[in-house]
Amino acid sequence: MANKNNILKVHNLGKVYRKTKTPVYALHDVNCEVTEGHFISVVGRSGSGKSTLLNLIGGLDIPTSGAVKISGKDLAQMNKRELTYHRRFTVGMIFQSFNLIPSLTALENVALASMFANVPRKKRKTMATNILHTVGLGERTDHTPSELSGGEAQRVAIARALINNPAVLLADEPTGNLDSITAGEIISLLQHLNHKTGITVIMVTHDEITAKQISDHTYTLLDGNIVEHVTRE
């Protein structure tokens, strides 16, 4: 089997927020490398910098210092057009609160992401239908978010994140609003997608025990620093 490449390199990454008189140091000289196709978890208590790290990788924020490189490309050196491309095609993002549009059906919520990618209407409908089947919602395509359970809504959000075939799936507390049984089902789905498609998964979670059981690498953040790195044997 051929050796896989590093898809992500985070080098001396720092983030400082200066919205008040007292600066908030969210990340301090964070370093890590992620191999293509691996399942990565980032754990830590609230305020440790987990979501900040994910937002920087996703191109939703810019670092104060250091670099985030995906496939060798430094996000800080990208112009607005390149960053838009990165957020639309290189990464797919899943959020704790699902972020679905209430007035749209599951199919329309998923297809919307490919519409912004200029995919023709008929093709994006087919793509959305297929990906909803992949996440187990083939019978719920015409339901709006209010007609879905929390687990189903998160599956729609996962489908939306996958519709443009990203290289990296970023999941920010994807089970935070779910009961333990449904949370386990969502984690199993992410594992299945990782194994079946080879997509790289980077998940932020409070569930340290589960993270260490399922992840190739688990990073623990505390006060903006990586204080532990565990590799699954």
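The table for this structure:
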| item | result |
| --- | --- |
| Of residues in the range 1-50 being in contact (Cβ under 8 Å) with a residue 24 or more places away in the chain and of a type in the set (Phe, Trp, Tyr), the one farthest from Ser215 (Cα to Cα) | Tyr25 |
| Criterion: at pLDDT 95 or above and surrounded by fewer than 20 Cβ atoms within 10 Å (Cβ to Cβ) - qualifying residue of Ala106, Ala76, Ala67, Ala26 | Ala67 |
| The range 51-80 residues that are over 18 Å from Asn12 (Cβ atoms), paired with ones that are among the hydroxyl-bearing types (Ser, Thr, Tyr) and at pLDDT 95 or above (beta carbon under 8 Å, 6 or more apart) | Ser71/Thr90 |
| Test: Gln213 is surrounded by fewer than 19 Cβ atoms within 10 Å (Cβ to Cβ) and either under 29 Å from Gly49 (Cβ atoms) or touching a residue at least 24 places away in the same chain (Cβ under 8 Å) (or both) | yes |
| Residue that is more than 19 Å from the chain's Cα centre (by Cα) and either closer than 25 Å to Gly37 by Cα or in contact (Cβ under 8 Å) with a residue 40 or more places away in the chain (or both), where the choices are Leu104, Leu193, Leu189 | Leu104 |
| Residues within the range 129-178 that are in a helix (DSSP H, G or I) and at positive phi, tallied | 0 |
| Test for Val42: is it touching a Cys at 6+ places or on another chain (Cβ under 8 Å), buried (at least 20 other Cβ atoms within 10 Å of the Cβ) and in a strand (DSSP E or B) | no |
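The values are calculated or read from the model by the stated rules, or taken from the named source; none is laboratory data. As the structure is a prediction and not an experimental result, all values here were calculated from the model. Note: ideal-geometry Cβ built from the backbone for every residue, glycine included; neighbour counts use all protein chains shown.
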